[in-house]
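Dropping the structure in here first, questions after.
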Amino acid sequence: MKYKRILLKLSGEALMGDQQYGIDTNRLLQYAEDIKGVVESGVELAVVIGGGNIYRGSQAEHMGLDRVQGDYMGMLATVINSMALQSALEKSGIHTRLLSGINIQQVCEPYIRRRAMRHLEKGRVVIFGAGIGSPYFTTDSAASLRAIEIEADVVLKGTRVDGIYSADPEKDPTAVRYENITFQDVFEKNLNVMDMTAFTLCRENELPIIVFDMNKRGNLRRVTDGESVGTLVSV
Ligand code: UDP
């Protein structure tokens, strides 16, 4: 077991599967199974899930609505995804707690760092909903911040690509995948790993990030077992 405590970031969009909107049940169940495998191996796991499959704050501006209002709508979207993941995990026998950055006490606990740490120590999967609870941030930033707060060993960014490439592999056939790369190189080459706020938080706190393909069954376990899957960003 390479990592004792990890923070897994999943995008809302990945939950859509092949759909145009919402939650694909098969994808959700695959994620739950993969998370179960890792938790049963003894790793403490926290999850931050995005909301892009339902709503993003930037959409509000395009619709002529208020941006801050849109951001709160996006945060609520992450809570919906978090509840779906929580339910899928509990169905497969994993104990979970959902902690939200905005108070919604009928459905989840408020985010309290000490409580999150205690849940993790007890082997529960902790799901952080509503990002960091403030507008103008993203769930990538929430992933970095919460990971630092709970003293995670690594942020695992589960995506639909198998790592960080020198160029967009869907557009450029000469693009190569990095196995290891430094924060400095990511910055200088202007590679897209996370938004700058999220990236800077990890960099300044020397918290490694692994970008990997979460849609490949068993990949999450390979990463936590220390196999070289995806791209490791470190100092
Ligand atoms: N959001 C926010 N503050 C946060 C986290 C999220 O305002 O701390 C809002 C923001 O509008 C964002 C939306 O919630 O667009 C959904 O999150 P995100 O775009 O990060 O989801 P993903 O792209 O990972 O699906």
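Is it the case that region 27-40 has a residue that's closer than 18 Å to V155 by Cβ and of a type in the set (D, E, K, R)?
We begin by selecting, within region 27-40, every residue closer than 18 Å to V155 by Cβ; these are 31, 34-35, 38-39.
Next, only the ones that are of a type in the set (D, E, K, R) stay: 34.
Looking through region 27-40, at least one residue is closer than 18 Å to V155 by Cβ and of a type in the set (D, E, K, R).
While we're here: Within region 191-200, can one find any residue that is surrounded by fewer than 20 Cβ atoms within 10 Å (Cβ to Cβ), in contact (Cβ under 8 Å) with a residue 40 or more places away in the chain and in a helix (DSSP H, G or I)?
yes
Also, quick follow-up: What's the total number of residues in region 69-80 that are more than 8 Å from the ligand (Cβ to nearest atom) and in contact with a helix residue (DSSP H, G or I) (Cβ under 9 Å, 6 or more places away or on another chain)? Lay out the reasoning, then the answer.
Of region 69-80, the ones more than 8 Å from the ligand (Cβ to nearest atom) are 69, 76, 79-80.
From what is left, the residues that are in contact with a helix residue (DSSP H, G or I) (Cβ under 9 Å, 6 or more places away or on another chain) are 69.
Count: 1.
Tell me, which residue of region 1-44 that is part of a loop (DSSP other than H, G, I, E, B) and small (G, A, S) is modelled with the lowest pLDDT?
Pass one, region 1-44, residues part of a loop (DSSP other than H, G, I, E, B): 1-4, 11-12, 17-24, 41-43.
Filter once more, so that each one left must be small (G, A, S): 11-12, 17, 22, 41-42.
Numbers: S11: 95, G12: 95, G17: 92, G22: 97, S41: 96, G42: 97.
Here the residue is G17.
Here's something else I'd like to know. Quick check: is even one residue across region 121-134 closer than 18 Å to L220 by Cα, surrounded by fewer than 20 Cβ atoms within 10 Å (Cβ to Cβ) and touching a His at 6+ places or on another chain (Cβ under 6 Å)? Outline the logic, then answer.
Here is the first cut: in region 121-134, the residues closer than 18 Å to L220 by Cα are 123-127.
Now drop any that are not surrounded by fewer than 20 Cβ atoms within 10 Å (Cβ to Cβ), which leaves 123-124.
After this cut, where a residue has to be touching a His at 6+ places or on another chain (Cβ under 6 Å) as well, the list is 124.
For region 121-134, residues closer than 18 Å to L220 by Cα, surrounded by fewer than 20 Cβ atoms within 10 Å (Cβ to Cβ) and touching a His at 6+ places or on another chain (Cβ under 6 Å): present.
Another question about this same structure. What's the number of the condition Y55 fails, among (1) more than 8 Å from the ligand (Cβ to nearest atom); (2) over 17 Å from D195 (Cβ atoms)?
(1)
A follow-up question, please. Suppose we filter I148, I127 for residues that are assigned to a helix (DSSP H, G or I), within 16 Å of the ligand (Cβ to nearest atom), of a type in the set (A, V, I, L, M) and modelled with pLDDT of 95 or more; which single one remains? Steps first, please.
Numbers: I127 fails: assigned to a helix (DSSP H, G or I).
Just a single option satisfies the conditions, and that option is I148.
For the subset of region 95-119 comprising residues that are in a loop (DSSP other than H, G, I, E, B) and surrounded by fewer than 19 Cβ atoms within 10 Å (Cβ to Cβ), which member is nearest to the ligand (Cβ to nearest atom)? Full working, then the answer.
First, pick out the residues of region 95-119 that are in a loop (DSSP other than H, G, I, E, B): 95, 101-108, 111-112.
Subset that is surrounded by fewer than 19 Cβ atoms within 10 Å (Cβ to Cβ): 95, 102-107, 112.
Values: H95: 25, I102: 9, N103: 15, I104: 14, Q105: 19, Q106: 21, V107: 17, I112: 17 Å.
Applying the filter and picking the extreme gives I102.
The values are calculated or read from the model by the stated rules, or taken from the named source; none is laboratory data. Treat the numbers as computed from the prediction; the structure is a model and nothing was measured. We place every Cβ from the backbone using ideal geometry, glycine too, and count neighbours over all the protein chains shown.
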